[in-house]
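Only the coordinates and a few stated rules stand behind these numbers; no lab work does. Model, not experiment: these values are computed from the prediction. Cβ coordinates were reconstructed from backbone atoms using ideal geometry, including for glycine residues, and neighbour counts include every protein chain displayed.
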Amino acid sequence: MDLFCPPAARYPRATMRGYGQFCPVAKAAEIVAERWTPLVLRELLCGSRRFNDLHRGVPLMSRTLLARRLEQLEDAGIVRSVARARGRGREYQLTAAGEELRPLIERLGEWGQRWARAQVGRDDLDPGLLMWDIHRRVNAEALPPERVVVRFDFRGVPPTLRCPRTWWLVLERREVDLCLRDPGFPVDIVVSADLRALTRVWMGDVRLAEAVRAGLVRLDGTPPLVRAFPIWLRLSAFAGVGRVGAAVAARPA
């Protein structure tokens, strides 16, 4: 059963810390630059609407804190919560003010891809977040008419990370599902991958074919489906942003 955001009444109303300045940059930063808030906005802009889906995009954020951040965004007029059309609970929608933040978050991501990716370390790797990103970027129009099940087996996962090492994608043109448990359908493709290597493929650092040739990623399964797999796997929206070397980044503007 899908869980939903606990009623706001269970938590004391959250207030944002101010900078004590009338400057519009300060006033905007009080709302948008609060810890975790840019990532919550990223998830909303990527199409997540339910509380659980939002939490899957920020798994290290506590559910209580996520509820409070959503309250803050609702108070600021960036988000509104509405009853779900079907089933229990509520879902979250961006207002016009929230949608206007799209280019800001996109430019922030582009800047991070260009200038800050050198700072990605082993502790930044997360198979859950990687699979969540992959599942919402599948090119559904390129899928065959029949259902395809892809199992991902990861190695090289940080030992401190409490996260499943095996995931399933159930690919259908009408819907793409990400599963933590075996969905019970025959598996058509098995992707055995080093977590860092597949993350680098996803972010556009290396081509999938190069990772396969290096033995860091292996694709097994029905040959026609294995050959088509790279077509279905659209990369991160930031994969096409060119990176800047550390030496260039250190130069004066």
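Annotations
- Region 122-232 - charge dipole about Cα centre, Lys and Arg +1 at Cβ, Asp and Glu -1, debye rounded to 20: 160 debye
- Taking the fewest neighbouring Cβ atoms within 10 Å as the starting point, the ordered list for TYR19, TYR92 is TYR19, TYR92.
- Computed per residue of the chain from DSSP H runs no shorter than four, each worth -39500 (n - 2.57), the mean residue ellipticity at 222 nm is -9500 deg cm²/dmol.
- Note on the chain: semi-axes of the ellipsoid equivalent to its C-alpha gyration tensor, largest first and rounded to whole Å, are 33, 25, 16.
- Charge dipole magnitude, Cβ of K and R +1, D and E -1 - the chain, Cα centre, debye nearest 20: 320 debye
- Computed label-point distance, nm, for sites ARG173 and ALA29 using a 7 Å Cα→Cβ extension: 5.0 nm
- Cleavage-rule hits, trypsin sites (Lys or Arg not before Pro), region 19-50, DSSP coil, Cβ neighbours within 10 Å at most 11: ARG35
- Ordered by the count of other Cβ atoms within 10 Å of each Cβ, fewest first, VAL157, VAL148 give VAL157, VAL148.
- The mean sequence distance of close C-alpha pairs (under 8 Å, at least 6 residues apart), as a share of the length of the chain, puts its relative contact order at 16 percent.
- Between ARG243 and ASP123, the contour length at 0.36 nm per residue exceeds the Cα-Cα span by 41.1 nm.
- A Förster distance of 25 Å, applied to the separation of the beta-carbon atoms of TYR19 and GLU110, puts the FRET efficiency at 0.45.
- The residues neighbouring GLN113, those whose beta-carbon lies less than 11 Å from its own, together hold a net charge of +1 under the Lys/Arg +1, Asp/Glu -1 convention.
- Förster radius 22 Å - calculated FRET efficiency between ALA140 and GLU99 (Cβ-Cβ, nearest 0.05): 0.40
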